[in-house]
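Reviewing the structure listed below.
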Amino acid sequence: MSNRAVKDILGGAVTVVAGALAILLVGFLSWAGIHLPLNVRFPVPSPDSHYLAYFDRVPSDQSQGERSDELVIATREGERVAEFPLSPGPLVWSGADHLVAVNPQHHFATLLPNLRGQFLILATLPIAPGSSPAWSRDGTKLAYVSSSPRGDELRVYYVQQAEEKQVPLGPGFHLSQADPLFWSPVGDELYLLNAEAGGIVLDRVQIQTGDVQTLARANYGWESPHLRVPQASPEGSRIYLPAPLNSVISASTGEVLWTLPPSSSALWSVWSANDRVLYAGQDGRIEAHDFTTQTDQPLLWRVPSNGFFSADLRNYFFRTEDGFSAADNRRRLRFWMSLHWGWQHLDVPAQTAQPLGRVELWPWAQTQDGLIEAREDDYTGVRYGLYDPNARSFSAYVLPTAEEDFAREVKSRSVILVTVALYGALGFFVFLRLPKSSSARALALISFVLMASFSSADTFSRWVSFEGAAYLAAQTGLPGVVSSYLARGWLAWPDMSWLPLSDTLLSLTLLALSLFPPALLHFAVVFPEGNHFLGARRKLAAWLCVVAFLPFAVTLLELSRANSLASVRPAIQLFSLLVGTLALCLVLAALLYNFRHPLDRRARLQVRWVALAIAVPLAGLGVLMLTVVALNWIRSGVELSPLNVFDSVFTSSVLAPLGLFTPAAIGYALAAPKLPNLGRLLRRVLWFAAMSALAVAVYLLLIAGLSWLNGGSFSRPSTWVVVVAALVTASALFPLLGRVGPSLEQAFDRPRMELRDAIEKFGEGLPNILDRATLATRIQETLRLVLKFRASYLLTLDRARRCLRPQPAIGPAGTRQALPRQVAEVAFDPSEPLCRYLVEDKRAFEVEVSPYHPKLIPILRGAGDRLARLEAEIVLGLVHRGELLGMMTVGGKESDDYLSSEEIALLEFIARQATVAVEYTDLFEEVAHDREVMKELEVASEVQAHLFPTSVPRSLTCQIAGRCVPTRSVSGDYYDFLELPGKKIGLAIADVSGRGVPASLLIVNLQGVLRAQAPTVESPAELTRRINRQLFVSFPGAKYCSFFYGVYDEASRHLDFVNAGHNPPLVLPAEAGLPAQASLNPGAMRLLESTGVPLGLFPEVSHEVKTEALDPGTLVVLYSDGITEARNSGGNAYGVDRLVGLVSREREKPAEELVDRILEDVRAFSGDTPSDDDQTLVVLKVNPA
């Protein structure tokens, strides 16, 4: 059994097992429930904690279909009190439960007084930028700073009188960035901060008279947050001034009453309820300063000073660690994932502390009854509420919008879950239709992973305990029939409290989520079928595979530890999200790459379909939004009650098809043998719409008929009626859908062995072709008779007329066949756009693809008529050294099937082989024409001179140089440089047995096969095997050659090579500096020894591929035996030792100069002694780091 068959069997088994498990899991999760996140709003409680206010995002009443902000005021028990359309901003409560909402963007404040439990908008007050209003202690007056053309003004709004008055400040006093802080207990004086030159001052303002008294000055500070502004004592006679003064002053005179001891710091809430100053002294003591006795009373010892006391001083709260303020993002993330957020609750009388877990406290927000505002995070959501220090309990706020949130979440996630289930069903269907397709398996695996990932068991209990199914159905906009099903309870959940749902479902969900990145990566690698996006980047693909499986490995590790998954879930989710985002970006990059570099027309159409599958739902949602606007506008202008059912239509008829389109389009792109154009697509969509309408009509008729027979109602059918109607509809329509199979039939490509046989047969006699007519005949025989193409022509360059013309073929009688008139008149100018495209892009020109590509449209306009005469669908250029030697046009297949990736590769291979043949015949004809009486050696020498490389490949990591010094006019040595895909460079050197024309002909064969197949054959061993086969067929046993071929990877700086009996090349690392006459040192210099026999001796040979790592500064020297076996007058050979010594001394020279220096040294050593062998040298120098 072949490896491919084993992979197909294993891939199919994995997909089937994963699909079955995923379908069972999704069915179970659909039955058990979906994830419902907790409310994440930030409510602000009133001082007596009776009311709370927060901003909510609600659907707008306007016709735009947008969402607007709304201020919601409710009781702590969840009873909605009032709603106001206000933008988010700071909320400030008064002691009388009045509320003011500040809009910092538009600089105004909305006053909302509490009139016996009812709130209304009393006034809208303009406020200065950066300023906040301040309530008096009794809540009857509101002070604020307002901007006017004359400057900032201090104003007071009297709530009971519903009027505002300006405070009459003196003419010499000006407000600058003023911010009211607090009132005096009586309510006749206001304390505010005001900026002055060089600092900030605390002023006391008499509201009635406008008299201003400056109490204190500071050159910096005194701004938010809470700890850095002056604070009044509870009874109002004293004011604490934070840094830099750190003192307590009299609220009436400004006299300094007490200064904080050195090396001490005030607590967050500096005043206690009995007017004591709380501060942290030395040695970890927490002390309270009593102004009555002027003494300091120790309260706590050896505790952190970053805490605060409860109102009765019986509880102290402090934080051992605050990871949220860390500068390191990783530390903040680890802190958020921990089980405890550092807050400790210390019982002062008992001197015992306990952690509060994942709770965040706000020390400056305590209610009048001593409750502390806090938030609790249980990994899945955030709840805001109040912490009771005495009861040691957290009480979450009950928000009146919770049921609405629940219904909205159920509605949105139900649509997602249904879409994912359909996605999985279609993926499974495509896999069953194409069991050997890797793209189909990738789509199926993605669908199964998504099906499991989009489900969670976090709030399963909320589904089980939820009551009011009819209300839920009405909120979600389900049709009335479904609502009646839910209301009647035939879908009620059984008691499942005995199952370990939380741990089991959470484990499955995390495993599925962690498998999403590798599933995406797999899809990017295999879609479309046969793409090479990562095929030439194996190491990159391997690293991406490792990264993609990291979340799965971490999940398995955590499961093996048997710890609580709730603590590690955020890390796994975040890690999977990051890696999944990387994989998604890779999918998009792969789609873009395959669109710009398609393997065939079908691949490009598949990419277009995937792009269409992503774009259509977005466009459909846009059209849907316009429809919503139009319907709301009609409904507001004309009271048409039928439009109120739009919610049901929206859910059941619009979102479901939109969600289904993406997987359906991708599945169709994989399964359909031929992808239609947009016109065909429209007809197909209309056909499917008609079939869907027919299915719905049959289903409803069956419901109506069976309900009438059963004596029931159409709007409330029984369960058996629904089940029977569904089964009958499916069984009746399934055979009809099966007849649509031609559009979903599997498209099988030709077997790979058949293509390989065609390639080998085409190349067997190619080196013996010396005229273009024979070459054209060979191409037509291969393409028309073997591969069944309708038409094919070879166009070659007529250098006299500077145009490309079709080449006639040779008929059965051995004479040239006349071309049809419309074909014979075709000619292409080498400078026209089509020819330039073939030379510059080095890709095939696809006639059917060009109308959709902006770059190809002008080419088709200029050459479309001539290509139509040639019946051409694909045009391939025969390009050599930037010159277009000819073109090969190929028509469509007789079966009208689309070309596969392997057939495209076959055509490109034939074009490369034809290029070598045309190049050789052109060179031979050109030299023979110019020198009619030239001897055989002179012709061969001229031809061979064009076979050696004239330029070296461009490289950023190495230098390459080479030279061949023949002893005769025709050389028996050969070297070459090849620029390969994937930033790789091929190096070749060969030494042919014998000399003269026979040896040069073997070199021509070798060069033709090497240059034609090296860009597509990745393995040096396979390339060597093909060259050996060609040489043995052309010169069976008569000639052979030693051959070395290496592939240098610029990314990894590795050299993969085979050595077929050639002189072992030298590898000198950067540290291998050897003296001139040193013997070979294996530790410093290495030899690339032979890996097999020379080429051409046997029909089949095999060589082992070896890899050499080339560090920066390494030298690789390839040479023929003419270098080391050169002799002087004394008969001594030049030798390898002398070559190593010279290279070691001259290693700092560039590669080109080093080649010249070696050849010069060999000539100096030989002197007048003639050389009897060709001298060939190639140097590869890796650039220093």
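Cβ-Cβ distance of Leu540 and Glu196, R₀ of 51 Å, FRET efficiency by 1/(1 + (r/R0)^6): the value works out to about 0.20. Coupling constants for the range 347-352 follow from the phi torsions by the Karplus curve (6.51 cos²θ - 1.76 cosθ + 1.60, θ = phi - 60°), and in residue order they are 7, 5, x, 8, 6, 10 Hz; glycine and proline get x.
Give the value in nm², to one decimal: projected area of the alpha carbon convex hull of the range 40-219, averaged over all directions. Show your work: numbers first, answer last.
Values: hull surface 50.4 nm².
Dividing the Cα hull surface by four gives the mean projection, 12.6 nm².
The Rg/Rh ratio for the range 948-1182, using Cα coordinates for both the radius of gyration and the Kirkwood hydrodynamic radius, is 0.95.
Mean separation of Cα pairs under 8 Å and 6 or more residues apart, divided by the residue count, gives the range 948-1182 a relative contact order of 25 percent. Near the amide H of Asp211, within less than 5 Å, lie the amide hydrogens of Gln206, all on another chain or at least 5 residues away, with H placed in the peptide plane. For the pair the range 125-183 / the range 1109-1185, the C-alpha centres are spaced 93 Å from each other.
Values in this text are rule-based calculations from the coordinates and carry no lab data. Predicted model only: the values in this text are computed from it and were never measured. Backbone-built Cβ (ideal geometry, glycine too); neighbour counts: all protein chains shown.
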